[in-house]
Structures are given as C-alpha cells and as structure tokens.
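Shown next, in structure tokens, is the structure this report addresses.
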Amino acid sequence: MARRALVAGATGALGSKVAQQLEARGWQVRRLTRSRAKAGASGEVHQGDALDPASLEGAAEGCELVFSALGASVAMDLSGWSGFTSLDVRANSNLIAEAQAAKVKRFVYVSVAHDEAVGKTAYVRAHEQVVERLKVSGLDWVVVRPTGFFSALGALFDLAKKGPLPSLGDGQAKSNPIDDDELALVCAAACEGTEREVACGGPEVLTRDQMAQAAFEALGQPVKLRKAPLVMARVAAVLMRPFHPRMAQMVQFIASLSEHDVVAPVRGSKRLVDYFRERAAAAKR
Ligand SMILES: NC(=O)c1ccc[n+]([C@@H]2O[C@H](COP(=O)([O-])OP(=O)(O)OC[C@H]3O[C@@H](n4cnc5c(N)ncnc54)[C@H](OP(=O)(O)O)[C@@H]3O)[C@@H](O)[C@H]2O)c1
C-alpha cells in the first residue's frame, strides 16, 4: 500500500510542487487547503482552516508524513491581513497537534534561511517559533531553510516592466535565490532523507541590485534603479504595523535583507536570469 502524506500549503508556490514531487515518488498525497476549488480536481483533499483546530480534525489520519509549507503570503500586496506571528505560528502549531494525534512519524517544515540579524525580524522569528515547537513535539522533525524563491522574485520582473525598481540602501547585500522546482526536489528528498536541518539556495550569489538588473536584462531593457534609503523602509514598516501587520512584517524583513547577506549552501543549478528570460518568453507567446 502507498505511503500517505499530508501536504499543508499544497495550493501555494512551493507546496503545490512538493505535492507533485511526492506523488512522483509513490506517495499518496492528501492536500490541505481552505478552498477545495484551489486544490484542483485530482487527488485527495482535506478542506480546513489550520487556524481552526476543529476543521483540521482527521486531516493527518493514516499519514506517516506531514509536509508544511503553510504560511501567510509573502506577496507584496494587500491580500491577507494577518501577520506571520499570528498566522504561521498558530496554524502550524495546530498542525503539529493534529500530527501528534494521528501518530504521524515525520513532520517536515519550511522555515527561512537567515543570519543572526535577519533572524530578529518578525517574519523569521515566526517561522523559528514553529521550529522550536516542532523540536519538542516528540515527532521526527526536519526543517528546510531556503533563500528566496524565484517565483517570489518574479515580482521584480513584473515591476521592471512598468518602470524603475527600488534599490534599498547600497543594494550590495547578497543572497543566492533558488528555483522553485529545484527547491521542491530538495524538500521531497528531505521528506525521505536523514538530514534534520536543510539550508538551501541556488548556484549564484547576487547582490540585491544584480537581482533587479537580471529582470531588466531578461526584458532587454536598460537597467533603471531608484535609490531609496533603508530608513524609509524601516519607517514604513512601523507606520504600516497597525493597519496591515503582514505587509509591515514583510517590509521589515526586506529592509533587513537589504543590509545583510544571506547565502545558503547550493542545492540548485538554475540561474535567476534564465527564470526571468522564461517569463519574458512566455509573455510573448
Ligand atoms: N517565497 C519565498 O521566497 C520564501 C522563501 C523562504 C521561505 N518561505 C516560506 O515558505 C513557505 C511557503 O511559501 P510559498 O511562497 O509557497 O507560500 P504561498 O504560495 O503563499 O502559499 C501559502 C499556503 O499556505 C496555505 N494557508 C495559508 N493560511 C492557511 C490556513 N489558515 N489554513 C490552511 N492553509 C493555509 C495556503 O493555502 P489555501 O489558501 O489554499 O488555504 C497556501 O497553500 C512559507 O512559510 C514562506 O514564508 C518563502
């Protein structure tokens, strides 16, 4: 009989690809979502809101694995008001409790690559609070800590089509973003492997300005950057806090990434500029 896995965040950028990877490896996947329509037609679905423990009941029954890429959106838009602390920590704690009740063997959680300074932001702290809960849960745990996904940096490409891109601070802080498909492979391997903590990034270490330049290069346009002082982002994050906690926490995280390098061990081979080029080619078709 096929091994069964519950994938939380299965309609998201990463979770949807991990669900497919697990299926390709012979797992029977149950997808958790608040909206059945978003989960697609095929496969088993558990409809539930992870903030509501009652609606999670039975979600992990019969599963030996829970994979969670469940969290508030990282999109720079006004969707989803709840911040990472209130959503990610509560929802994933409820999921851990459901996994314990269902006697699941292994729980794999996606946190965020960070250094000490970036680790002080509310966004990373929320993820690491989940990690702390997981470590004392009695479950066999695995934590994956990726750098930025190419799909999230796709926002740069969309903005570059419209005009100059903001360059916060000196634009020289570095990271090595990772392709979503390659990250999904890393995650699926982590579900079956022996590593407990898997930090991962792509092959190229780029400054924040170079990431923006890659978007213009793929579009065949001259590079247009608009310098903005870091203090502006920090003030914006504080002002936004009462009105939109999620965006406030995202802006605080981005400001921190703009002054600190976050480079993780290389687990991918695809380059950001090629991802942007694929986006440019797709837009022309
Ligand atoms: N994107 C990046 O660059 C990046 C980098 C490092 C780490 N991460 C972290 O990796 C994780 C996955 O990121 P992603 O970009 O794939 O996220 P995403 O596309 O925004 O997907 C989020 C998922 O969480 C689910 N979800 C949210 N609230 C829920 C709730 N109350 N109950 C049940 N499900 C809920 C959503 O499902 P429904 O809407 O269908 O219910 C969706 O499938 C996140 O924790 C993120 O912070 C992201």
Query raised in the report: Counting pairs of alpha carbon atoms under 8 Å apart in space and at least six apart in sequence, what relative contact order in percent does region 108-192 give?
Result: 35 percent
Report task. Going by C-beta contacts inside 10 Å, put Arg34, Arg90, Arg285 in order with the fewest on the left. Result -> Arg285, Arg34, Arg90
Requested in this report: Provide, for the chain, the number of lysine pairs with alpha carbons under 20 Å apart, each pair being eight or more places apart or on different chains.
Outcome: 15
Report task. Counting helices only, and only those DSSP H runs with n ≥ 4, report the 222 nm mean residue ellipticity of the chain as the sum of -39,500 (n - 2.57) divided by its residues, in deg cm²/dmol to the nearest 500. Result -> -12500 deg cm²/dmol
**Report entry** Karplus (6.51, -1.76, 1.60) ³J(HN,Hα), θ = phi - 60°, over region 53-61, in Hz, Gly and Pro reported as x
**Finding:** x, 5, 7, 8, 3, x, 4, 9, 4
Query raised in the report: Hey, if you put +1 on the Cβ of every Lys and Arg and -1 on every Asp and Glu Cβ in region 4-284, which of Val136, Ala13, His244 ends up farthest toward the positive end of that dipole?
Result: His244
Requested in this report: Could you work out the local net charge near Ala117, counting Lys and Arg as +1, Asp and Glu as -1, over the other residues with Cβ closer than 11 Å to its Cβ?
Outcome: -3
Requested in this report: Find the relative contact order for the chain and round it to a whole percent, using C-alpha pairs within less than 8 Å whose residues are 6+ positions apart.
Outcome: 19 percent
Query raised in the report: Using the count of nearby Cβ atoms within 10 Å as a rough guide to exposure, how do Glu23, Glu182, Glu278 rank from fewest to most?
Result: Glu278, Glu23, Glu182
Query raised in the report: Hey, fewest Cβ within 10 Å first, where do Asp77, Asp179 land in order?
Result: Asp77, Asp179
Report summary line: Dipole check, the chain, charges on Cβ (K,R +1; D,E -1), about Cα centroid: among Pro177, His114, Leu225 the Cα furthest to the positive pole belongs to Leu225
Report task. Please name which of Leu206, Val262, Leu156 has its Cα lying farthest along the dipole of the chain towards the positive end, using unit charges on Cβ (Lys, Arg +1; Asp, Glu -1) and the Cα centre as origin. Result -> Leu156
**Report entry** Within the chain: Cβ-based charge dipole about Cα centre, in debye rounded to nearest 20 (Lys, Arg +1; Asp, Glu -1)
**Finding:** 580 debye
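Since every read-out is calculated from the coordinates, none of them should be taken as a lab result. Predicted, not measured: the structure shown is a model, and the values here were computed from it. With ideal geometry, Cβ positions are generated from the backbone for all residues, glycine too; neighbour counts draw on all protein chains shown.
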